[in-house]
1. Tally up the residues in segment B:335-358 that are closer than 30 Å to B:I133 by Cβ and either more than 19 Å from the chain's Cα centre (by Cα) or open to solvent by less than 60 Å² (accessible area, probe 1.4 Å) (or both), please.
2. Just to check your reading of the model, which residue among A:L102, A:L122, A:L46 is open to solvent by 10 Å² or more (accessible area, probe 1.4 Å), touching a residue at least 12 places away in the same chain (Cβ under 8 Å) and not aromatic (F, W, Y)?
3. Do you know which of the residues in segment B:88-142 that are over 19 Å from B:N4 (Cα atoms) and among the polar types (S, T, N, Q) is farthest from the chain's Cα centre (by Cα)?
4. Just wondering, is there one or more residues in segment B:318-333 that are assigned to a helix (DSSP H, G or I), touching a residue at least 40 places away in the same chain (Cβ under 8 Å), in contact with a Pro (Cβ under 9 Å, 6 or more places away or on another chain) and closer than 30 Å to A:G276 by Cβ?
5. Restricting attention to segment B:92-109, and to residues there that are in a strand (DSSP E or B) and of a type outside the set (S, T, Y), which single residue is farthest from the other protein chains (Cβ to nearest Cβ)?
6. Among the hydrophobic types (A, V, I, L, M, F, W, C), at the interface with chain A (Cβ under 10 Å from one of its Cβ atoms), free of Cβ contacts under 8 Å to residues at least 24 places away in the same chain and more than 20 Å from B:A295 (Cα to Cα): which single residue out of B:L236, B:L202 fits that description?
7. Out of segment B:165-199, which residues are polar (S, T, N, Q) and either touching a Leu at 6+ places or on another chain (Cβ under 8 Å) or open to solvent by 10 Å² or more (accessible area, probe 1.4 Å) (or both)?
8. Filter segment A:360-415 for residues that are closer than 26 Å to A:E224 by Cβ and among the polar types (S, T, N, Q); which is surrounded by the fewest Cβ atoms within 10 Å (Cβ to Cβ)?
Protein chains: 2
Amino acid sequence: MMKNVMVGQSGGPTAAINSSLAGVYETAIERGAPKVYGMLNGIQGLLEERYIDLSEHMTSGLDIELMKRTPASFLGSCRFKLPALEGNEEVYEKIFATLDKLDIGTFIYIGGNDSMDTIDKLSKYAVSIDSPIRCIGCPKTVDNDLAHTDHTPGYGSAAKYIAISMKELIRDSFTIDFKNGMCTIVEIMGRDAGWLTAAAALSRDEDCDGPDLIYLPELPFDLEKFRDKVGELLALKTAVVVAVSEGIHTADGKYVCEMGEGVAFVDAFGHKQLSGTASYLAGYIAAEFGCKTRAIEFSTLQRAGSHIASLTDSMEAEEAGAAAVRAAEAGDTGLMVTFKRVSEEPYICVTDLEDVSKIANEERVVPREWINKEGDYVTEDFLDYARPLIQGQLQPIMVNGLPKHLHVPEGLRER
Amino acid sequence: MMKNVMVGQSGGPTAAINSSLAGVYETAIERGAPKVYGMLNGIQGLLEERYIDLSEHMTSGLDIELMKRTPASFLGSCRFKLPALEGNEEVYEKIFATLDKLDIGTFIYIGGNDSMDTIDKLSKYAVSIDSPIRCIGCPKTVDNDLAHTDHTPGYGSAAKYIAISMKELIRDSFTIDFKNGMCTIVEIMGRDAGWLTAAAALSRDEDCDGPDLIYLPELPFDLEKFRDKVGELLALKTAVVVAVSEGIHTADGKYVCEMGEGVAFVDAFGHKQLSGTASYLAGYIAAEFGCKTRAIEFSTLQRAGSHIASLTDSMEAEEAGAAAVRAAEAGDTGLMVTFKRVSEEPYICVTDLEDVSKIANEERVVPREWINKEGDYVTEDFLDYARPLIQGQLQPIMVNGLPKHLHVPEGLRER
């Protein structure tokens with residue numbers, strides 16, 4: 001019989017992060033845990049003793065289905081990095097006093113690199129004080145940049161949202177035949193890793209050209225080469241569509257979004273805006289070619305678009321939560337659940353476990369061989385890798401024309 | 001037996017405009033029209049004799065289902081205003097020569113105000129030269145601003161996209177508890193009419209707060225009142241979400257997006273950007289309250305989001321196309337198909353016909369009584385009006401994880 005479980009969500013939200021929460025809850029209850037608590041706003045909330053009893057929110061099978069379909073972190077999140085133990089013992093003592101008070105045997109944190117740093121520190125502290133509490137990481141990030149795992153839950157749904165939205169806006173771009181053509185620049189999340197931007201290529205099929213050019217932050221961005229490519233395309237096509245990562249930068253490390261500094265990207269109140277890559281490039285292309293341009297940012301919708309979530313992603317996210325509980329039950333600690341692709345065709349992934357300290361300090365970017373030689377598209381190998389991750393739809397439960405979600409727990413909205 | 005039909009699409013695209021095209025095609029064939037031609041890029045393309053035979057693109061029931069699910073104008077579009085007849089007789093002669101050559105009996109134009117101006121001019125010209133060609137308008141616009149009709153096909157799907165996306169991004173906004181709170185400003189299409197922005201309120205339900213404030217272009221925008229409202233809300237809530245029309249302006253007629261002139265909205269190449277309402281207001285609120293802000297634009301996705309199209313909208317759009325064909329067959333000309341709501345509950349709408357010259361020169365905005373007294377939200381009456389229009393989903397036909405569309409016809413992509 002398991003003791004009680006404490007689970008939290010950390011970092012940026014995804015469309016699948018609550019499937020992992022559902023997986024933790026279901027498996028913990030099934031394994032006999034009397035209570036599953038959820039910390040509000042991650043470890044930061046736990047330090048303020050803000051937590052809820054998840055059984056009050058998942059009272060039925062329907063609630064569990066709604067949980068999987070509710071976008072963004074149900075429990076709220078934080079970007080709080082635990083301080084090093086030395087000199088901050090009281091932070092750790094406070095956390096473990098709360099966990100002991102609630103008779104917790106398993107601590108699960110659903111998140112990315114920074115969250116795995118939290119698991120690393122807490123698990124080592126637990127061992128150092130002979131606490132029986134096991135700390136397990138459950139992977140989550142739309143960025144897909146966690147090391148030692150084939151991919152990360154949350155990525156598949158964001159990739160699907162991006163591919164579908166690209167397909168629709170590319171179609172839209174062929175509507176009006178502008179005199180000097182049109183160039184649309186689409187800015188996609190990913191400061192250091194281009195996985196999400198690469199997913200734009202999934203829209204290419206017999207019924208869609210896909211974006212004409214794709215620029216990832218893994219390679220330096222050359223503005224003049226980009227201009228020449230767009231010029232060549234504008235001579236051939238009525239509408240050109242380019243996908244860029246928000247983090248693209250020149251060879252000397254300057255972000256494209258900083259190029260217009262002092263003109264385009266300081267707002268009327270003196271704030272330097274760090275987004276604006278698409279808007280800078282759209283202005284540049286308009287000036288060079290006198291064509292119509294559009295700058296589009298997918299914004300937070302790309303990570304919150306649960307109405308079109310990938311079923312594969314949701315199922316794997318749920319399984320990751322379940323595997324985290326099973327690992328703790330088996331006596332493991334300081335590990336993160338990972339995915340291993342054991343078959344390409346048919347696609348089969350199984351869960352595994354990896355030392356969390358290895359994951360906390362690494363970042364996985366798109367490998368050079370999955371980007372074409374010119375550095376302006378991705379290869380078939382990337383597409384073969386990513387396509388299985390967007391398969392299937394987690395059909396929303398529609399009520400009165402809109403997808404139904406679980407209520408926001410008290411304590412997240414109110415001041 | 002009907003003679004051949006020529007159909008075109010004009011103005012901005014919608015997610016339902018191709019349902020009208022399918023409706024025209026199916027009904028014309030059913031009524032015995034030997035050929036249904038589609039002009040490419042509207043009347044502008046017809047002047048260059050660019051048209052296709054639609055039977056080559058809708059060869060099966062599956063093709064027709066795919067047509068309804070294909071976003072944006074299948075035939076391409078234009079923003080070409082026909083010149084007045086006097087002094088431009090050769091333009092009209094050219095159009096009718098092409099129509100006569102193709103043995104056209106019915107001319108159908110799917111579009112908004114400007115397109116109805118085209119129908120008005122062509123139908124009057126036809127009468128003046130004793131041509132038997134009948135010209136009928138089929139309504140289409142995401143803006144919902146056509147007069148003499150309960151609503152316009154295209155609006156329901158855009159409203160549904162907006163309501164769902166608002167719901168998802170509002171949920172996302174409660175993820176991280178920022179020190180001084182967070183304010184998200186969402187910019188929605190609608191320069192003069194606030195119908196689309198008003199649709200953001202449809203997201204409000206027991207599982208979602210909806211946006212906290214909604215500003216339409218129908219009323220003057222008061223920056224200081226807006227600031228005070230946001231300040232009050234930031235004291236109560238961790239995250240505030242505001243929906244604004246791109247066309248909001250102050251009492252003296254200045255667009256909010258022009259307020260930052262010379263600083264925020266002239267890009268690095270000297271172009272004055274006419275979007276940027278959300279980004280201006282986000283910068284303003286950040287400066288006033290020191291809170292985190294986000295500016296989000298739904299961009300062309302709000303009109304192209306066919307993967308979550310409203311079934312009600314699609315069915316009505318198809319019926320509008322069918323009704324246009326029936327009107328021409330009955331001998332009518334110079335009319336546009338309209339919708340009349342004959343029952344509120346259950347919602348029942350029927351088609352009717354209206355003189356196109358009445359429609360071409362009018363614009364229907366959100367009535368004052370559907371906006372609250374404060375001018376910062378819409379009323380229950382608006383919600384009762386709009387809610388039936390977003391009901392049901394036109395389920396996409398998914399292939400390999402993505403919605404399938406019909407191929408782009410040759411002649412729209414190539415230079």
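1. Of the residues in that region, 15 qualify.
2. A:L102
3. Top of the filtered list is B:S128.
4. no
5. Of everything passing the filter in segment B:92-109, B:G105 is farthest from the other protein chains (Cβ to nearest Cβ).
6. B:L236
7. Residues of segment B:165-199 that are polar (S, T, N, Q), as a first pass: B:165, B:173, B:175, B:180, B:184, B:197.
B:S165, B:N180, B:T184, B:T197, listed by residue number.
8. Selected residue: A:N372.
The values are calculated or read from the model by the stated rules, or taken from the named source; none is laboratory data. Since we're looking at a predicted model, the values are computed, not measured. Cβ atoms come from the backbone with ideal geometry, glycine included; neighbour counts cover every protein chain shown. Quick note on the areas: whole protein, heavy atoms, side chains included, nothing else; ligands and nucleic acids left out. Shrake-Rupley method; radii C 1.70, N 1.55, O 1.52, S 1.80 Å.
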